[in-house]
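First the structure, in the form of structure tokens, and then the observations on it.
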Amino acid sequence: MRVLGIDPGLTRCGMGVVDGSVGRPLSLVDVNVIRTSSDLPVAQRLVTIEKGIDAWLDEHRPDAVAVERVFARSDVSTVMGTAQASGIALVCAARRGLPVALHTPSEVKAAVTGSGRADKAQVGAMITRILRLDKPPKPADAADALALAITHIWRGGAQARLEAAVRRAR
């Protein structure tokens, strides 16, 4: 299974593609961030994010897309930008008929580190270990995107198999 993980953000939108399956070693395909300038109007920034996500979908042809579920933070402007970028990611995947999963930050942290309260350094260290990298991906948005992809492979793959078994049983 190939999963594109997306850590949505208006200034930095993390993108990470991972190949693998439950019980087998995972491998990094690509990782980066889509950047937009805060000097640009929001609509133009969203178009840049859309074009970037579309390009990644075209290039990497994932089987599924995992997006970080937006949660309330104290800064409303940050939440709005994250929600807008998340919506763009969902539309890009849905337009292609790809399955989309939303994972909360604590679910992702728990999946890759064993603790839903892990910090960015712990997540980066585990991503490095899981994917057998020389160093943690930078910036943290890139590592978070990979963590989302890994979480989906480990959790989403198992969930998909359970749902398929239930359908067959009916």
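Summary of values
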read-out: The one condition in (1) modelled with pLDDT under 95; (2) part of a helix (DSSP H, G or I); (3) open to solvent by less than 70 Å² (accessible area, probe 1.4 Å) that S86 fails to fulfil; value: (1)
read-out: Where a residue in the range 13-35 is over 21 Å from R155 (Cα atoms) and its partner, wherever it lies, is open to solvent by 70 Å² or more (accessible area, probe 1.4 Å) and charged (D, E, K, R), with Cβ under 9 Å and at least six apart; value: C13/R35; V33/R12; I34/R12; I34/K51; R35/R12
read-out: Residue in the range 60-77 that is at pLDDT 95 or above, assigned to a helix (DSSP H, G or I) and not aromatic (F, W, Y) present; value: yes
read-out: Residue in the range 32-52 that is of a type in the set (D, E, K, R) and under 13 Å from the mean Cα position of the chain (by Cα) present; value: no
read-out: Among the candidates K109, K138, residue that is under 17 Å from the mean Cα position of the chain (by Cα) and in a loop (DSSP other than H, G, I, E, B); value: K138
read-out: Test: Q159 is over 15 Å from the mean Cα position of the chain (by Cα), modelled with pLDDT of 95 or more and open to solvent by 20 Å² or more (accessible area, probe 1.4 Å); value: no
read-out: Members of the range 59-83 that are of a type in the set (D, E, K, R) and open to solvent by 80 Å² or more (accessible area, probe 1.4 Å); value: E59, R61, D63, R69, R73
read-out: The range 1-59, residues that are assigned to a strand (DSSP E or B) and in contact with an Asp or Glu (Cβ under 6 Å, 6 or more places away or on another chain); value: R2, D7, R12, G14, V17, S27, V29, V33
read-out: Matching residues in the range 1-46 - criterion: being open to solvent by less than 50 Å² (accessible area, probe 1.4 Å), out of contact with any strand residue (DSSP E or B) (no Cβ under 7 Å at 6 or more places or on another chain) and of a type in the set (V, I, T); value: T36
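The values are calculated or read from the model by the stated rules, or taken from the named source; none is laboratory data. Please read all numbers here as calculations on a predicted model, not as lab measurements. Counting neighbours? That spans all protein chains shown, and the Cβs are built from the backbone with ideal geometry, glycine included. When the accessible area is computed, the model is the full protein with side chains, heavy atoms only, and any ligands, DNA or RNA have been set aside. Shrake-Rupley method; radii C 1.70, N 1.55, O 1.52, S 1.80 Å.
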